[in-house]
Amino acid sequence: MSNGRFSMRDTSLVAHLVGRLDAMNAEDVEQEVKSALKGHGCQSLILDLQDLSYVSSAGLRVFLRLAKQTRQLSIENACSAVYEVLEMTGFSEMFKVRKALRHVSIEGCDEIGRGAKAAVYRLDPETIVKVVFDTSNETLADIERERVLARTAFVAGIPTAISYDVVRVGDRYGAVYELLNANTLADLVASGTWSAERAGTAMADIMAQMHETHVNVDSMPSARDIQLDELSLLDGHIDDALYRHMHALVAGLADDDLLIHGDYHAGNIMVQDDEPLLIDMDTLAHGNPVLELGPVYNAYVGFGEIDHGISEKYLGFSYDTSSKLWETLAEHYAEKRGLKLDDVLRKAELMGRMRQVRRIVSHNEQDNDHGKLVMERCLGRLFALVEEIGTLSL
């Protein structure tokens, strides 16, 4: 094909267009694409415009006619000039249109944070990039979804860092944030710049604000349903009566419309000019606040309880510091929301212990020395806690 090439992506034909698409070649390009669709037996078409520098009104009419002959048409990798035309003429409202991503390098950049799914690098004094480890085709959609969720939180008044660009970093995708000289809250605690008490208070303030924010439940998943799915992994692996009791407690939670971050820890909070800003918004959900407190308890108390070195390894500071952070957070959070501190502590621990056991089982670690100690400790506490707690709701 003189004007491009074809390839397959799953069951969709990808037409890679090159150069210019105008009145001089529009008819030829259209016929070649139609022939390729017929030859490959495809009903879905992706127009890859990475190497297309110009499209005229004749080219736009080609896109419209191709759309009528396919079940689904999408456009990707449109350069700035072509994307502007598509947006101005309304094509971005008619079809899924994705702008070409610029490429950035993280070579020589400082890593300022790392989680299970991504790492954060400082590109320059003003910007950072969160690079997702996964390289699958779904990753870009996940990043875009996170940007939508972050805007939802921002509009609701949550202090949130908003990504202003999506980029390619080698074979991976990343989201760029403008955060002038910002550091993670975890790094500030590790360096001694912020005390555990100051960090815990700041985290409690943001958490309390989130948990009093009402959201559209159709815009994000249910945290309760996620927890029930995870809990089902324990069926048959622990005492049946304990499992049924825990399942009933979680199932009994109202599916509240309150905002839940879903991965709330100091590594997901950037501090700029002493202002904490949330990042990593892909886990946003709605539900009862107790579903947030369990994982936070684990991060600062549960995971390092048996082996204190785990706190140093994953948090960057001592177990004593992380415990103090949790104590301050829980106390300040309870005060902010008008809750009983003992109620917050016991229910957070129950949810945290439950998740710890689920993690041990899902990773098949119940037979190693550390796993055995964690299981013994957690199950002992769970048996006691489920007898004390009638409802998990906060």
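Descriptive notes on the structure:
- Of all residues in the range 99-134, those that are out of contact with any Phe, Trp or Tyr (no Cβ under 8 Å at 6 or more places or on another chain), free of Cβ contacts under 8 Å to residues at least 40 places away in the same chain and exposed (fewer than 11 other Cβ atoms within 10 Å of the Cβ) total 4.
- The residue that is surrounded by the most Cβ atoms within 10 Å (Cβ to Cβ), among those in the range 135-161 that are hydrophobic (A, V, I, L, M, F, W, C) and over 23 Å from A266 (Cβ atoms), is L140.
- Candidate set: the range 265-316, residues that are touching a residue at least 40 places away in the same chain (Cβ under 8 Å) and among the polar types (S, T, N, Q); chosen: the one farthest from P159 (Cα to Cα): N298
- Within the range 52-83, the set of residues being surrounded by fewer than 15 Cβ atoms within 10 Å (Cβ to Cβ), at pLDDT 90 or above and either acidic (D, E) or not in a strand (DSSP E or B) (or both) comprises S57, R61, L64, R65.
- A single member of D343, D282 is more than 27 Å from G192 (Cα to Cα), of a type outside the set (V, I, T), more than 24 Å from the chain's Cα centre (by Cα) and in the same structural domain as S222 (by TED's automatic domain parsing), and it is D343.
- Residue within the range 196-211 that is without any contact (Cβ under 8 Å) to a residue 40 or more places away in the chain and more than 20 Å from the chain's Cα centre (by Cα) present: yes
- Search result, residues across the range 256-279 that are modelled with pLDDT of 95 or more, more than 22 Å from R198 (Cβ to Cβ) and either in a loop (DSSP other than H, G, I, E, B) or of a type in the set (F, W, Y) (or both): D256, D257
The values are calculated or read from the model by the stated rules, or taken from the named source; none is laboratory data. These numbers come from a predicted model, not from an experiment. Virtual Cβ from ideal backbone geometry, glycine too; neighbours counted across all protein chains shown.
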